[in-house]
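Asker: Before I ask anything, let me first share the structure, which is written out below as structure tokens.
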Amino acid sequence: MFRDETNLAADPGLWSSIEQALASSRFFILLASPDAAASKWVDKEVGWWRSHKPLANLLVVLTDGGLVWDDVAGDVDWNRTTALPTAVKGGFREEPHYIDLRWARTAEHLSLTDPRFRGCVADLAVPLHGQSKDALFGEDVRQHRRTVRLAGSAIAALTVLTLLAADLAVIARSNQLTAETRGRLATSRYLASQADAASASQPDLSMLLSMAALQTDDTLEAQRSLLGQAGQRKGLIRLLGGHASGVSGVVFNPSGSTMASVGNDGTTMLWDTTKSYASLGRLDGRGTTTGAAFSPDGRTLAVAGQQSAVLWDVASKTPNRSLPGHKGLVQGLAFSPDGRLLASGGWDGRVIVWDLHGDGHPRILTDQPGPVLSVAFSPDGTTLAWGGADKKVSRWDLASGRPLPSLSGHQGPVLSVAFSPDGTRLASGGGDGSVLVWDALQPARPGTLTKGDLAWVTSVAFSPDGETLASARNDHTIILWDVKSGFPRRPPLTSHTDMVASVAFSPDGSRLASGGGDGLVLIWDARGSDLLRGHSDLVQTVAFSRDGRTLASGGMDGRVIVWDAAERRPVRSGTAQGPVRVVAFSPDGKTLASASSRGVQLWDVSDPATPSALPGTESGGSVLAFSPDGRRLAVASANTVTLWDLAPTPPQPERSRRHTTTVNSLAFSPDGKTVASADSDGNLAVWEVDDPTNGTAWKAPGPVETVAFSPDGRTLASGGLDKNVTLWDVARHTATATLTGHTAQVQGLAFSPDGTTLASAGFDRTIILWDVGSKTRLATWGGQIDQVGGVAFSPDGGTLASGGNRGAVILWDVGLGAIQHHLCGIVSRDLTDAERATYHLENERRHLCP
């Protein structure tokens, strides 16, 4: 293997040394990036390798920039590829498989404890060792067994020596327990590492191993693995296997009772989607299959294949008819709403319409130079639209038999088109990474949901109500768009481990099916029961009532919403005087306080329509906090913190403390005797409620945006513009730890009720969970739609609420039991006997998923 930093010794002849090193290497690992592409030395090295060695042994690791393949040209798209040297131009016979490490930006990312990085290392190790992933992981297993045997031998030897010097029975029992404890610890950590390693290749096994790790012992590694699964599987309902290769298409029948998934290996699977998602059978075709469409009556399934479409009888699972007419692969299929016509598009550039009730002869609408990749009928059946390599959305008036003006807007091939259910909109997704939505009646200019980027949009689909558009991407993600606002409805769906080829909504709109190059069919919660929608702008603050039954949120839109936390629905709402920065419940849950730049308002939770202003705060009350007994309210306006006595009517100010600059955050200690306040100069102060002049102050590394006391009051956490979370010893006024992980301002902090976990939210679109005891990271939940505002734990510690995300509040399961229940629902199986044997669990017969 050639790596220029380690293979080259000091030598006056640089190029001759490079040539010698290259000649003695069997593999060349190219860290591809714009810098590498611009380097004359890299270009020269790659050119030498291409001339003297197999290009298949050039392993590409993408660290920055773009790498885009052009299927039509059969080469890298050099207009959009920025990471490869020109020496490889024309050298690849097919799209190169590369390891994508563009997401890795921190030391934590570049660690084998990160499941994504470990998966990338495994992908790279496969060709180097000439073994499969399973074989490599098997070597891990053998090494683990060897370690266990050696550990057992050592323990046995120590036991014999100890028995000579102490009471035999007591010490034997003591050592047995010690060995068992150490064995459980080692096994739990081992299973967690194997779960992370299998995350990319075998997600169902990965989830089961995470649960087995926690069941074996409650180690930090097991917690990290399980919490990582919770973030990665957010919104996922079920994982379906059954395909030996990539899945190219998914489609529901009109009633929603059956789903078909089409594999690149020529097989089509039918699934019962009413309850169990059980397999209803397999349709075995020949050659590559690329997509499918159900007839409007659900009795017929059309499957696209090589040069033809095949019509299958769904009930008998037998082919009825073959429709030849294409000269190459058929890429798109669509039935007309009345079921009379079937349209197909192909790589031969043809669009063919078949009259299934007529003479059966194909009608060729176009025979364009480049491939046609997707076709769609309008809901009224009058228009056929298609997209292809010509970068246009073409349309055909079926009544007149004439083409309509084509629609231009994409900078790359149009990979997918879809009409909204009411026919007023036409969406298209392109190889340039953009999603466009056209007014189908007056398509002068499209609305743009997303501009071009490095990820191809391979499939688009409207929800039955037309309000949501799903877009599948080749970066393994799915995005659900709010069609009216043009913003994503939720964070990207991320459980696929390869490109997502197809998406389809169930007829009732409750589920979204996706199929990808990883051979998986995934079912998602399309309605987003874990999202609370009601704000029209950034949600800056969230708070649970003390009994956990109610959740409040405040946003930049000036709205304050009270939610039923169990039923996840809004029960009351009101309008504040300005953008809301903080909301807080009184301890008895009867009053909700909100702070904005225009003052503090007190809301009667049972009737929030007419809030009362806290007198004297009209000039501004940016942040606030209730005392634990509910008798006082601390309010910060500009640089002054005022304590208000809430007993009299109206409330009266008691005393105050000043900072030199604007106070950004407040928190009462759990015993209610002190207040912590922090300002934009990085000044932290902890002072007495009875005498605000009596307290201590210290300096944070930068401007502080948020503070939080631990439940025992001994630790204060702060976060701000320095991108870090700092833990302070309140008694000693010293920093005990700096937690690094965010790449932008830390905006929210919350301790779990038991004090073992700290959640931090940042403008880098991530939430990080920290183990307070070890001061290490437990999980990073990334990929948020927007910067994250506030975070809050439910009183039972089982749920974390986060604000932000374009007007949505997201609820996260953080209770390990709830996470396991969710994962069991996804995998819908237990470990097999063979899997138990592989991972040394032969004697462990407890069910992971009862």
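The values are calculated or read from the model by the stated rules, or taken from the named source; none is laboratory data. Note that the structure is predicted; figures quoted are calculated from it, not measured. Heads up, the Cβs are rebuilt from the backbone with ideal geometry, glycines too, and the neighbour counts pull from every protein chain shown. Remember, those area values only see protein heavy atoms, side chains included, never the ligands or the DNA or RNA. Shrake-Rupley method; radii C 1.70, N 1.55, O 1.52, S 1.80 Å.
Asker: Restricting to region 654-680, name every residue that is touching a Phe, Trp or Tyr at 6+ places or on another chain (Cβ under 9 Å), part of a strand (DSSP E or B) and either open to solvent by less than 40 Å² (accessible area, probe 1.4 Å) or farther than 14 Å from ASP691 by Cα (or both). Even if it seems obvious, please write down each step before you answer.
Answerer: In the first step, residues of region 654-680 are kept if they are touching a Phe, Trp or Tyr at 6+ places or on another chain (Cβ under 9 Å); the result is 654, 657, 667-670, 674-677.
Among the residues that remain, those that are also part of a strand (DSSP E or B) are: 654, 657, 667-668, 674-677.
Correct list: ALA667, PHE668, THR674, VAL675, ALA676, SER677.
Asker: Say whether the condition of being outside any loop (DSSP other than H, G, I, E, B), in contact (Cβ under 8 Å) with a residue 24 or more places away in the chain and farther than 20 Å from THR550 by Cα is met by at least one residue in region 792-803. Quick ask: steps written out before the conclusion?
Answerer: Our first condition is that a residue be outside any loop (DSSP other than H, G, I, E, B); within region 792-803, this holds for 792-793, 799-803.
Cutting the leftovers down to in contact (Cβ under 8 Å) with a residue 24 or more places away in the chain gives us 792-793, 799-803.
Next, from what is left, pick out any that are farther than 20 Å from THR550 by Cα: none.
Within region 792-803, not a single residue is outside any loop (DSSP other than H, G, I, E, B), in contact (Cβ under 8 Å) with a residue 24 or more places away in the chain and farther than 20 Å from THR550 by Cα.
Asker: Just one of ALA737, ALA759 is within 23 Å of GLY803 (Cβ to Cβ), part of a strand (DSSP E or B) and at pLDDT 95 or above; which is it? Quick ask: steps written out before the conclusion?
Answerer: On the way: ALA737 fails: within 23 Å of GLY803 (Cβ to Cβ).
None of the others qualify; the one that does is ALA759.
Asker: If you scan region 390-419, which residues turn out to be open to solvent by less than 40 Å² (accessible area, probe 1.4 Å), more than 30 Å from the chain's Cα centre (by Cα) and within 26 Å of ALA501 (Cα to Cα)? Walk me through how you get there before you give the answer.
Answerer: Looking only at region 390-419, we keep the residues that are open to solvent by less than 40 Å² (accessible area, probe 1.4 Å), and these are 393-396, 398, 401, 407, 409-410, 412-419.
Next cut, more than 30 Å from the chain's Cα centre (by Cα) only: 393-396, 398, 401, 407.
Across region 390-419, the qualifying residues are VAL393, SER394, ARG395, TRP396, LEU407.
Asker: Report yes if LYS275 is of a type outside the set (Gly, Ala, Ser), in contact with an Asp or Glu (Cβ under 6 Å, 6 or more places away or on another chain) and open to solvent by 60 Å² or more (accessible area, probe 1.4 Å), otherwise no.
Answerer: Details: of a type outside the set (Gly, Ala, Ser): yes; in contact with an Asp or Glu (Cβ under 6 Å, 6 or more places away or on another chain): no; open to solvent by 60 Å² or more (accessible area, probe 1.4 Å): yes.
For LYS275, the condition - of a type outside the set (Gly, Ala, Ser), in contact with an Asp or Glu (Cβ under 6 Å, 6 or more places away or on another chain) and open to solvent by 60 Å² or more (accessible area, probe 1.4 Å) - is not met.
Asker: On the given criteria, is THR776 more than 18 Å from the chain's Cα centre (by Cα), open to solvent by less than 50 Å² (accessible area, probe 1.4 Å) and of a type in the set (Val, Ile, Thr)?
Answerer: On the way: more than 18 Å from the chain's Cα centre (by Cα): yes; open to solvent by less than 50 Å² (accessible area, probe 1.4 Å): yes; of a type in the set (Val, Ile, Thr): yes.
Taking the combined requirement at face value, the residue satisfies it.
Asker: Could we say that ASP629 is part of a loop (DSSP other than H, G, I, E, B), open to solvent by 50 Å² or more (accessible area, probe 1.4 Å) and closer than 25 Å to ASP754 by Cα here?
Answerer: Working: part of a loop (DSSP other than H, G, I, E, B): yes; open to solvent by 50 Å² or more (accessible area, probe 1.4 Å): yes; closer than 25 Å to ASP754 by Cα: yes.
Spelling it out, ASP629 is indeed part of a loop (DSSP other than H, G, I, E, B), open to solvent by 50 Å² or more (accessible area, probe 1.4 Å) and closer than 25 Å to ASP754 by Cα.
Asker: Tell me yes or no: at least one residue of region 588-611 is charged (D, E, K, R), assigned to a loop (DSSP other than H, G, I, E, B), closer than 24 Å to GLY807 by Cβ and open to solvent by 10 Å² or more (accessible area, probe 1.4 Å). Spell out how you get there, then give the answer.
Answerer: We begin by selecting, within region 588-611, every residue charged (D, E, K, R); these are 588, 590, 598, 604, 607.
Add one more test, that the residue is assigned to a loop (DSSP other than H, G, I, E, B), and what stays is 588, 590, 598.
Filter again for closer than 24 Å to GLY807 by Cβ, leaving 598.
Add one more test, that the residue is open to solvent by 10 Å² or more (accessible area, probe 1.4 Å), and what stays is 598.
Checking region 588-611: at least one residue is charged (D, E, K, R), assigned to a loop (DSSP other than H, G, I, E, B), closer than 24 Å to GLY807 by Cβ and open to solvent by 10 Å² or more (accessible area, probe 1.4 Å).
Asker: Restricted to region 483-504, and to residues that are modelled with pLDDT under 90 and of a type in the set (D, E, K, R), which residue is most open to solvent (accessible area, probe 1.4 Å)?
Answerer: LYS484
Asker: Which of the residues that make up region 568-587 are surrounded by fewer than 17 Cβ atoms within 10 Å (Cβ to Cβ) and out of contact with any Gly (no Cβ under 9 Å at 6 or more places or on another chain)?
Answerer: ARG568, ARG569, VAL571
Asker: From the set of residues in region 614-638 that are among the hydroxyl-bearing types (Ser, Thr, Tyr) and farther than 16 Å from SER545 by Cα, which is modelled with the lowest pLDDT? Before the answer, list the steps.
Answerer: Narrowing region 614-638 to residues among the hydroxyl-bearing types (Ser, Thr, Tyr): 617, 619, 622, 627, 637.
Of the ones still in play, those that are also farther than 16 Å from SER545 by Cα are 617, 619, 622, 637.
On the way: THR617: 80, SER619: 70, SER622: 82, SER637: 90.
So the residue we want is SER619.
Asker: I'd like the full set of residues that are open to solvent by 10 Å² or more (accessible area, probe 1.4 Å), touching a Gly at 6+ places or on another chain (Cβ under 9 Å) and closer than 18 Å to ALA735 by Cβ, limited to region 682-699.
Answerer: Passing the criteria: VAL686, LYS699.
Asker: Being over 21 Å from LYS234 (Cα atoms) and open to solvent by less than 40 Å² (accessible area, probe 1.4 Å): is that true of VAL437 here?
Answerer: For VAL437, the condition - over 21 Å from LYS234 (Cα atoms) and open to solvent by less than 40 Å² (accessible area, probe 1.4 Å) - is met.
Asker: Name the residue, out of VAL310, VAL303, that is among the β-branched types (Val, Ile, Thr), open to solvent by 30 Å² or more (accessible area, probe 1.4 Å) and outside any loop (DSSP other than H, G, I, E, B).
Answerer: Working: VAL303 fails: open to solvent by 30 Å² or more (accessible area, probe 1.4 Å).
After ruling out the rest, the residue left standing is VAL310.
Okay, residues lined up against (1) open to solvent by 10 Å² or more (accessible area, probe 1.4 Å); (2) among the acidic types (Asp, Glu); (3) in contact with a strand residue (DSSP E or B) (Cβ under 6 Å, 6 or more places away or on another chain):
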{"position": "ILE237", "(1), (2), (3)": "yes, no, yes"}
{"position": "VAL247", "(1), (2), (3)": "no, no, yes"}
{"position": "ASN253", "(1), (2), (3)": "yes, no, yes"}
{"position": "SER257", "(1), (2), (3)": "yes, no, no"}
{"position": "THR267", "(1), (2), (3)": "yes, no, yes"}
